[in-house]
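Only one structure is covered here, and it is reproduced in the block below.
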Amino acid sequence: MSGEPTTFDTSLRVVGVRSVLLSATYPPGKELTWVGGTIRSWDAALVEVTLSDGTMGLGEAGAGIMAAQAVPGIVTAFEPYLLDVDFAHPLDVADHLRAYTAFWSRGGILNGVAGAIETACLDAVAKRAGVPAYELLGGAKRSSIEAYASGGLGRTFHEISQWMFAQVDAGFRTVKFRAMKDPDTTLRLLDHVVGKLPDGIRFVLDAVQGCASDPWSVDDAIRVGREVAARGARWYEEPCFANDLLGYARVRSELDVPISGVESNGTVREFAELIAAGGIDVAQPDVTFVGGPRAFSDVAALAAAAGLGCVPHVWGSGVTFSANLHTVLAEPGVELFEYCTLPNPLRDALLVEPVGFEDGTLRAPTAPGLGVALTPELEREFAFVAGGGHAIR
């Protein structure tokens, strides 16, 4: 991703920034539940910037799905280092913010907010130019990208199976479902569902141990992984806690199945350390967690240099969806996209054109910028409600 196309004016000056918290709350009894927790609402922590010419853009801090109320104060703290600074390109923004706030912003949701500001600037500059955001990232390397179905929530084997079959019917060729709370039940889940998949359909098991409150032992992760490998999984996701580099390396060394992670990593450095430890075959950065589009591109480059795959984590509102989609369309080595198929009103409401999904692929969007819009009506309809979001048991 060059970040320096010559056909567009990419310079910018930000004169205003604000945080916008939104919630799409499920009615009582309609919450999304699985053995690891409950999704009471889709919360979004958006960042809106205004450029000197009045153009506005949106970004999102991905960790806002669980900690939205932390974001406004972080945006305020970044503001003195953002406003009235002349930037040559929106991809320079997050690095600039990190350079001036290194004492306190070196990771986690803090870096996610820096990336959200960069994403918002990218959206605004692309809107001003009247082109999709990927054009400012070096141009789309493809007109579409394969998508895999992500969701697979449920408390029972039947619920997970029904979701999986629905994704196959919708045209997905790879489906990802979540592990159960303990290894033994997960082994029974694999026995129940995988053999029922039609020929040609691949699966991914997300062990969900990266952020588990009581993660499996490495021995248990390997025990489950052997069955995952025997059943021909496309990959085995996050079998260890996010910081357990030695655990990832041991799991990978003992299993004949690709290992992926870690979606919640908040810096390029964390991915570099995980790759150097020999912990993964597939890196899973998220633009809204890792620090913005440029940081995502840096992770993709690290993965490519090590001969590894790169598949984005995508789990949030329409802003998260579009920020990741535009970024990966401009990345030559990224050929698969996570499409969360759970009902999410904040994805659909913020997009200005419908998701272009057909025959297992997503078409490159054509609307200017990220193809997202926030109106006063949407702010009222999805007013933030504290105490919801994604709750981990």
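Could you please report the charge total around Ala386, scoring K, R as +1 and D, E as -1 over all other residues with beta-carbon less than 13 angstrom from its beta-carbon?
0
Can you figure out the FRET efficiency of Ala166 with Asp256, using R₀ = 35 Å and their beta-carbon distance, to the nearest 0.05?
Efficiency at R0 = 35 Å is approximately 0.70.
Give the peptides 249-262, 371-384 in descending order of average Cβ contacts within 10 Å, highest first.
In descending order of packing, they fall as 249-262, 371-384.
Under the 0.36 nm per residue contour assumption, what length would be gained going from the current alpha-carbon distance of Gln69 and Ile201 to full extension?
Length gained, Gln69 through Ile201: 43.5 nm.
Per residue, how much accessible surface does the range 283-380 expose to a 1.4 Å probe? Answer in Å², no decimals.
31 Å²
Percent antiparallel among DSSP beta bridges with both residues in the chain, to the nearest 5?
Roughly 60 percent of the beta bridges in the chain run antiparallel, per DSSP.
Please work out the C-alpha center-to-center distance from the range 267-295 to the range 100-141 and express it in whole Å.
17 Å
With a 1.4 Å probe and all protein chains left in place, how much accessible area per residue does the range 109-163 have, in Å²?
I get 27 Å² per residue for the range 109-163.
Can you tell me the length gained on complete extension of the stretch Asp214 to Arg226, counting 0.36 nm per residue apart and subtracting the Cα distance?
So the chain would gain 2.2 nm between Asp214 and Arg226.
Excluding residues fewer than 8 places away in the same chain, name every one of the lysines whose C-alpha is closer than 23 Å to that of Lys30.
Excluding near neighbours in sequence, the set is Lys176, Lys181.
Can you list which of the DSSP-assigned H helices in the chain have a Cα extent of 24 Å or more along the long axis and an average Kyte-Doolittle score of at least 0.5?
108-129
Looking only at the range 323-358, which residues have a backbone nitrogen under 12 Å from a spot 7 Å from the Cα of Glu381 in the C-beta direction?
Within reach of a label on Glu381: 345-352.
Please work out which option in (1) 153, 26, 15; (2) 33, 22, 20; (3) 43, 22, 18 gives semi-axes √(5λ) of the Cα gyration tensor in Å calculated from these coordinates, and answer with its label.
(2)
May I ask you to give the percent of accessible area on the chain that is carbon plus sulfur, with a probe radius of 1.4 Å?
Its accessible area is 52 percent carbon and sulfur atoms.
The values are calculated or read from the model by the stated rules, or taken from the named source; none is laboratory data. Remember, it's a predicted structure, so these values are computed and weren't measured experimentally. FYI the Cβ positions are ideal-geometry reconstructions off the backbone, even for glycines, and counts take in every protein chain you see. Only protein heavy atoms, including side chains, enter the accessible area calculation; ligands, DNA and RNA are left aside. Shrake-Rupley method; radii C 1.70, N 1.55, O 1.52, S 1.80 Å.
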